[in-house]
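The values are calculated or read from the model by the stated rules, or taken from the named source; none is laboratory data. Predicted model only: the values in this text are computed from it and were never measured. Neighbour counts run over all protein chains shown; Cβ positions are idealised from the backbone, glycine included. Ligands, DNA and RNA are excluded from the accessible area calculation, which covers all protein heavy atoms including side chains. Shrake-Rupley method; radii C 1.70, N 1.55, O 1.52, S 1.80 Å.
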Amino acid sequence: QVQLVESGGGLVQPGGSLRLSCAASGSIFSSNGMGWYRQAPGKQRERVAAITPRGSTNIVDSVKGRFTISRDNAKNTVYLQMNRLKPEDTAVYYCNRWPTNFDSWGQGTQVTVTS
């Protein structure tokens with residue numbers, strides 16, 4: 001059974017940066033694509049970034065140039081570096097397998113961007 005534990009969120013001012021981490025266990029991490037997703041209040045969950053097992057990345061247009069996804073297979077961890085944060089980036093951020101999600105999701109990590 002896979003376990004996903006997200007961390008690194010917090011309260012930050014517009015223009016600030018955060019680095020999220022997602023530790024995965026209970027599955028073969030290195031052979032799976034992984035994605036970062038977010039859900040803002042009253043909105044559907046959306047994917048913001050994905051990374052293949054070999055490290056190719058895909059970033060959605062709304063965060064392209066500001067967010068970077070990376071992975072460390074030795075640590076079973078995927079990261080999301082978020083720079084130049086905007087208030088509209090406020091959401092709970094989750095990681096999961098990509099493109100096919102695991103049934104279970106972690107608790108997520110809250111990111112709040114406000115002045």
GNM flexibility winner over the chain from THR100, THR68, THR52 (Cα, springs under 10 Å): THR100
Reachable lysines, given that their alpha-carbon falls under 21 Å from the alpha-carbon of LYS43 and they are not under 8 places away in the same chain: LYS64, LYS86
Phi-based couplings in Hz for segment 14-21 (Karplus 6.51, -1.76, 1.60; Gly and Pro marked x): x, x, x, 10, 9, 10, 8, 10
Simple spin-label estimate for GLN1 and ARG45 in nanometres, 7 Å along Cα-Cβ: 1.7
Under 12 Å, Cβ to Cβ, from PRO53 - net charge with Lys/Arg +1 and Asp/Glu -1: +3
Per residue, in Å², the accessible surface of the chain once ligands and nucleic acids are set aside, probe 1.4 Å: 53
Radius 11 Å from Cβ of VAL92, net charge of other residues (Lys, Arg +1; Asp, Glu -1): +2
Rel. contact order, % - alpha carbon contacts under 8 angstrom, at least six apart, the chain: 37
Computed lengthening from VAL60 to ALA74, 0.36 nm per intervening residue step minus Cα-Cα distance: 2.4 nm
Net charge of neighbours whose Cβ lies under 15 Å from the Cβ of TYR37, counting Lys and Arg as +1 and Asp and Glu as -1: +1
Ordering of 105-111, 11-17, 43-49 by burial proxy (mean other Cβ atoms within 10 Å per residue, highest first): 105-111, 43-49, 11-17
Cut-off 13 Å, label 7 Å out along Cα→Cβ of ASN101, residues of segment 21-42 by amide N: 35-40
